[in-house]
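Reviewing the structure listed below.
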Amino acid sequence: MEKKKFYITTPIYYPSDKLHIGHTYCTVATDAMARYKRLTGCDVMFLTGTDEHGQKIEDKAKAAGKTPKEFLDEIVEGPRGILDLWKLMNISNDRFIRTTDDYHVASIQKIFRRMYDKGDIYLGKYEGWYCVPDETFWPENKLTEDHICPDCGRPLQRVSEEAYFFKMSKYANRWLDFVEANPNFIQPESRRNEMIQFVKKGLEDLCVSRTSFSWGVPVPFDTKHVVYVWFDALSNYLTAAGILDDKEKFKKFWPADVHLVGKEIVRFHSIIWPIMLMSLGIELPKKVYGHGWLIVDGEKMSKSRGNVIYAEDLARHFGVDAVRYYSLHEMPFAQDGTITYETFISRFNSELANTLGNLVNRTVAMINKYFDGVIGSPDNAGEFDDELKGTAMRAIEKVNEKMKTFHIADSIDEIYKVVNRANKYIDET
Ligand code: MSP
């Protein structure tokens with residue numbers, strides 16, 4: 001029988017700064033899901049990558065006195081770059097896409113043209129504001145007088161330029177019908193409701209090209225424009241699956257089973273992206289799951305606050321598995337998770353060193369002491385064995401149930417019930 005396929009993605013990261021533990025969480029969570037699906041027998045494609053075009057990258061490269069490509073190559077492929085980080089963290093991705101890859105660029109141009117030929121993209125003028133760090137347009141009517149980004153609170157730039165627009169508004173009702181008919185498309189529920197409210201307020205057409213800088217994919221029929229970086233980035237899920245260059249693979253893996261993303265970019269993935277696909281006549285992904293943020297002392301990590309924690313530093317002190325364990329365990333299904341060195345140390349000591357470490361140590365010590373280091377076949381099941389076995393069997397069922405709905409932290413709790421019961425078993429016997 002052919003294996004069931006499972007196509008899972010992380011967002012593609014901006015290589016404008018060093019990635020921190022929040023980004024690492026997102027990739028580790030996707031990795032945990034991909035590994036789980038492989039264990040259950042699925043043929044998995046796990047995709048991650050980097051989002052390499054746009055004004056932010058162009059500005060950063062300029063400030064570093066490098067060409068964008070030189071700047072990017074170092075951050076992505078250089079020593080202690082993003083590829084090295086995922087290697088260190090034991091990430092089992094099957095593909096890594098860079099949006100500067102030729103096959104991706106060629107596909108974006110095709111996609112843009114197809115939507116233009118269909119009449120869904122038209123030329124106009126953009127007058128409004130732009131958040132460079134988030135690469136997001138903010139029309140006047142969405143803003144207060146101070147012209148601060150409603151998402152990230154940083155100052156916006158005034159933009160007035162000729163631009164191509166995508167007729168999002170045309171698809172609003174179709175989107176609402178789709179989301180209604182597919183209640184699990186956006187998860188968790190709270191974010192689904194937010195998105196529905198957003199669309200019900202009215203969808204504006206989206207600006208999908210820029211002319212005031214050049215680091216991007218040129219619009220094929222009007223090369224003074226570059227394609228808007230989110231339009232380019234979202235399409236990575238199609239291009240890496242082989243829409244242009246590997247039809248077999250594309251047929252097998254598309255639609256994506258889940259896009260795992262952070263909460264602030266659920267809007268891009270659950271509204272803009274499906275509408276782009278509707279325009280292209282391509283099947284929609286099955287699910288967008290928006291996780292919370294890992295926050296430090298109640299605040300989002302940022303360089304200016306000086307509270308950024310890096311996975312590499314934690315791994316150096318505690319080991320890679322502890323970092324993976326902590327970040328997965330600490331992120332609840334729908335809310336934010338917290339990270340501090342203090343809570344890390346306390347979880348490390350109590351759950352890993354104590355509970356799990358003791359179980360392993362005691363088990364290995366007894367195998368050596370009583371069984372000459374050999375694990376024989378089990379016999380003489382006693383009164384305590386059934387209960388231990390029952391706990392383990394229930395855990396399998398529970399973990400399956402929880403993982404199906406992306407409750408990763410809750411799955412860990414189920415596994416820990418077995419660990420705790422096994423420690424008790426040793427005390428009892
Ligand atoms: N390039 C876009 C994504 C394009 S996908 C077609 C982008 N990149 S990002 O590097 O800024 O963020 C990537 C992911 O990291 C997002 O899902 C974001 O939510 C996540 N995180 C960034 N900081 C985070 C935390 N502190 N905690 C958890 N996730 C965080 O957006």
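Express as a percent, rounded to the nearest 5, the fraction of DSSP beta bridges in the chain (both residues included) that run antiparallel. Display every interim value, and only then the final one.
Working: 20 of 40 bridges.
Once the DSSP bridges in the chain are tallied, antiparallel ones form about 50 percent.
In what order, largest first, do THR223, THR363 sit by accessible area if the probe radius is 1.4 Å? Walk me through the numbers on the way to the answer.
Working: THR223 105, THR363 55 Å².
Largest to smallest exposure gives the sequence THR223, THR363.
Let me check the size of segment 151-226 from its C-alpha atoms; what are the radius of gyration and Dmax in Å?
Answer for segment 151-226, Rg first and Dmax second: 16.4, 42 Å.
Could you work out [θ]222 nm for the chain from helices alone, using -39500 (n - 2.57) per DSSP H run of at least four and dividing by all its residues? Round to the nearest 500 deg cm²/dmol. Working shown, then result.
Working: 17 runs with 190 residues, N = 429.
Calculated mean residue ellipticity at 222 nm is -13500 deg cm²/dmol.
Could you order LEU352, LEU39 so the one with the most accessible surface comes first? Probe is 1.4 Å. Don't skip to the answer; put the middle values down first.
On the way: LEU352 35, LEU39 150 Å².
Sorted descending by solvent-accessible area, the residues read LEU39, LEU352.
Roughly how many Å is it from the Cα centre of segment 1-16 to that of segment 131-208, as a whole number?
Rounded to whole Å, the Cα centres lie 24 Å apart.
Work out how far the C-alpha atoms of segment 339-398 reach from end to end along every principal axis, then list the three figures in whole Å, largest first.
Here the Cα extents, ordered largest to smallest, are 47, 32, 16 Å.
For the peptides 263-269, 82-88, 368-374, what is the packing order when you average, over each peptide's residues, the other Cβ atoms within 10 Å and list the highest mean first? Walk me through the intermediate numbers first.
Numbers: 263-269: 19.9, 82-88: 17.1, 368-374: 8.9.
Ranked by mean Cβ neighbours within 10 Å, highest first: 263-269, 82-88, 368-374.
Collect residues whose amide H, placed 1.01 Å from N in the peptide plane, falls under 5 Å from the amide H of SER209; neighbours closer than 5 in sequence don't count.
Amide H to amide H, under 5 Å and 5 or more residues apart or across chains, SER209 pairs with TYR164, TYR228.
If you place +1 on the Cβ of every Lys and Arg, -1 on the Cβ of every Asp and Glu, and leave all else neutral, what size is the dipole of segment 375-429 about its Cα centre, to the nearest 20 Debye? Before the final figure, lay out each step's value.
Working: 8 positive and 12 negative charges, 65 e Å.
For this selection, approximately 320 debye.
List the residues, sorted by chain then number, that are 5 or more residues from TYR7 or on another chain and whose placed amide H is less than 5 Å from its amide H.
Amide H neighbours of TYR7, under 5 Å, 5+ apart: MET45, ASP257, VAL258.
With a cut-off of 8 Å between alpha carbons and a minimum separation of six or more residues, what is the relative contact order of segment 208-323 in percent? Don't skip to the answer; put the middle values down first.
Details: 110 pairs, mean separation 18.6, N = 116.
RCO, segment 208-323: 16 percent.
Taking only C-alpha pairs under 8 Å that are 6+ residues apart, what is the relative contact order of the chain in percent? Walk me through the numbers on the way to the answer.
Working: 613 pairs, mean separation 68.0, N = 429.
Once divided by the residue count of the chain, the mean separation gives 16 percent.
What are the semi-axes of the equivalent ellipsoid for the chain, taken as the square roots of 5 times the Cα gyration tensor eigenvalues, largest first, in whole Å?
On the way: eigenvalues 383, 114, 85 Å².
Square roots of five times the eigenvalues give 44, 24, 21 Å.
So what's the convex hull volume per residue for the Cα atoms of segment 290-429, in Å³? List each step's numbers first, then the result.
Details: hull volume 18.7 nm³, N = 140.
Enclosed volume per residue, from the Cα hull, is 134 Å³.
Which whole-number percentage describes the relative contact order of segment 45-95, with Cα contacts under 8 Å and a sequence gap of 6 or more?
Details: 30 pairs, mean separation 25.7, N = 51.
Normalised by residue count, the contact order of segment 45-95 is 50 percent.
Per residue, how much accessible area does the chain show when a 1.4 Å probe rolls over the protein heavy atoms, in square angstrom?
On the way: 20490 Å² over 429 residues.
In whole numbers, the chain has 48 Å² accessible per residue.
Mind listing the phi-derived Karplus ³J(HN,Hα) values for segment 55-70, rounded to whole Hz, using 6.51, -1.76 and 1.60 with θ = phi - 60°, and x for any glycine or proline?
Values, residue by residue: 5, 4, 5, 4, 4, 5, 5, 4, 4, 8, x, 10, 6, x, 5, 4 Hz.
Hey, can you grab everything whose amide H is under 5 Å from the amide H of SER302? Only 5+ residues off in sequence or another chain; H modelled, so Pro and N-termini drop out.
ASN307, VAL308
Where does each of VAL219, VAL399 land when they are ordered by accessible area, with a 1.4 Å probe and the largest first? Working shown, then result.
Values: VAL219 0, VAL399 25 Å².
Ranking VAL219, VAL399 by accessible area, largest first, yields VAL399, VAL219.
How much length would be gained if the chain were fully extended between LYS224 and GLU2, taking 0.36 nm per residue of separation minus their Cα-Cα distance, in nm to one decimal?
Details: separation 222, 0.36 × 222 = 79.92 nm, distance 4.77 nm.
Going from the current span to full extension adds 75.1 nm.
For a Förster distance of 35 Å, can you work out the FRET efficiency between the beta-carbons of GLU264 and SER212, rounded to the nearest 0.05?
With a Förster radius of 35 Å, E is 0.90.
Any idea of ARG347's accessible area? Nearest 10 Å², probe 1.4 Å.
60
How much of the accessible area of the chain, in percent, comes from carbon and sulfur atoms when a 1.4 Å probe is used? Provide the component values of the computation, followed by the final result.
Values: 10690 of 20490 Å².
Here carbon and sulfur together make up 52 percent of the probe-accessible area.
The values are calculated or read from the model by the stated rules, or taken from the named source; none is laboratory data. Quick caveat, the model's predicted, so the values are computed rather than measured. For neighbour counting, all protein chains shown are included, and Cβ atoms are generated from backbone atoms with ideal geometry for every residue, glycine included. Note: accessible area is taken over every heavy atom of the protein model, side chains too, but ligands, DNA and RNA are not part of it. Shrake-Rupley method; radii C 1.70, N 1.55, O 1.52, S 1.80 Å.
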